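Quick notes on the structure that follows.
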Amino acid sequence: MPSDVFTHTVADLRTLGGQRVWSLMVSLFGDLAQAEGAGIDGPVLSRIMTAMQIRPEATRVALHRLRNDGWIASEKRGRISRHTLTPHGRKLSAEASPVIYADPYAGPEEWSLVLLPPDATASDALGQAGYIQILPRLYAKPPAASLPAGALELQAKDAPPWLREAVEPAWLAEDYAALARTLGELTERLPRDASLSAVETAVLRCLVVHNWRRLVLKHNWPPRALVSLDWAGHRAHILVADLLQRFPRPSLSDIGCSRN
C-alpha cells in the first residue's frame with residue numbers, strides 16, 4: 001500500500017474517538033497475542049505503535065498502566081522485554097471475542113418477542129437466560145429459554161420497523177454512523193488486491209477491531225431476527241467482518257521480519 005494511503009487510513013481511524021493508548025493496546029493484544037504462551041517482544045510492539053502514530057513515551061505509560069491493572073505481564077529475555085496477557089487479561093479477551101468477531105449473518109432466526117403481564121417485574125433471571133429487554137415488559141427471547149408464566153409470545157421476524165428501531169441503542173447512533181462511514185470510505189480506498197506489510201496489517205486490524213470493540217461491547221447486540229438491514233451498526237458490522245477477512249491476522253514473527 002502506498003505510504004500516504006496508509007497514513008491517511010490510520011489518521012481516519014484514529015479520529016473516531018475513544019483512542020486511549022492503553023485501550024488500543026488491549027485491542028492489539030486481544031487480536032494478535034490472545035493465545036496462552038503468545039507474547040509481543042518490545043521491538044515488535046514499538047514498530048506497531050510507531051506505525052499507529054503513537055509516541056514511545058505514550059506506549060510506555062500505557063504498558064505501565066496495563067501491568068498495574070493486571071492485564072499485561074512483562075519480563076526480560078536477555079536485553080529484550082516480552083509482553084504477554086496475564087491469565088486475567090486472556091480471560092477477559094476470550095469473553096469479548098465471540099462478540100467482537102461474530103459473523104454478521106450468523107445467529108438463529110427463531111427468537112421471539114415476549115410481553116410480560118402487567119403485574120410482572122423485571123428479574124435478573126431473565127437476563128441470565130439470555131433475554132434482551134426492548135421496552136418496559138417487552139423482551140426478546142432466545143430460542144432455548146423458557147417462557148415466563150402468563151407471558152405473550154410472538155415471532156420476532158414479524159416485528160414492525162418501529163420495534164426493530166427500538167432495539168438499536170439510540171445513544172450510539174452517531175458513533176455507529178461515523179464508524180460505518182469511515183469504514184466504507186476505507187473499503188473503497190483499498191483495492192481488493194491491496195498488499196499490506198505485516199506491520200501495516202497489524203495496525204489496520206488493531207484500529208478496526210478497537211473502534212468496533214468500543215461500541216459493540218457497550219450493549220446487548222440485537223438478535224438477528226430483529227436487526228434492520230439499514231441500521232448503521234449492522235452496516236459497520238459487515239464492513240468490519242469484510243476487512244478482517246481481507247487482511248488476515250499476521251504472525252508475530254512476520255511483523256518482526258517486516259521491513260515496513
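The values are calculated or read from the model by the stated rules, or taken from the named source; none is laboratory data. The model shown is predicted, which means the values in this text are computed figures rather than measured ones. Neighbour counts are summed over all protein chains in view; Cβ atoms, including those assigned to glycine, are modelled from backbone coordinates with ideal geometry.
Run down W171, W212 and say which single residue is crowded, with 20+ Cβ neighbours inside 10 Å and at pLDDT 90 or above.
On the way: W171 fails: crowded, with 20+ Cβ neighbours inside 10 Å.
Result: W212 is the single residue among W171, W212 that is crowded, with 20+ Cβ neighbours inside 10 Å and at pLDDT 90 or above.
Each row is one residue, and each column tells you yes or no for (1) under 13 Å from the mean Cα position of the chain (by Cα); (2) part of a loop (DSSP other than H, G, I, E, B); (3) over 20 Å from I48 (Cα atoms); (4) among the basic types (K, R).
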residue: V208; (1), (2), (3), (4): yes, no, no, no
residue: L215; (1), (2), (3), (4): yes, no, yes, no
residue: H219; (1), (2), (3), (4): yes, yes, yes, no
residue: L239; (1), (2), (3), (4): yes, no, yes, no
Self-check item: Tabulated pairs, region 248-260, first modelled with pLDDT of 90 or more, second surrounded by 12 or more Cβ atoms within 10 Å (Cβ to Cβ) and among the β-branched types (V, I, T), C-beta under 9 angstrom, 6+ apart or interchain
Solution: P248/T201; R249/T201; P250/V199; P250/T201
Quiz item: Of the residues S27, S74, which single one is polar (S, T, N, Q) and either closer than 24 Å to A180 by Cα or within 15 Å of the chain's Cα centre (by Cα) (or both)?
Solution: S27
Exercise. Determine which single condition D230 fails, assuming it passes every other condition in (1) within 23 Å of T15 (Cα to Cα); (2) surrounded by fewer than 18 Cβ atoms within 10 Å (Cβ to Cβ).
Key: (1)
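Which residue out of E57, E109 is of a type in the set (D, E, K, R) and modelled with pLDDT under 90?
Details: E57 fails: modelled with pLDDT under 90.
Being of a type in the set (D, E, K, R) and modelled with pLDDT under 90 holds for just one of E57, E109, which is E109.
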Quiz item: Just a yes or no: is a residue in region 78-101 hydroxyl-bearing (S, T, Y), part of a loop (DSSP other than H, G, I, E, B), over 22 Å from W231 (Cα atoms) and touching a Gly at 6+ places or on another chain (Cβ under 7 Å)?
Solution: yes
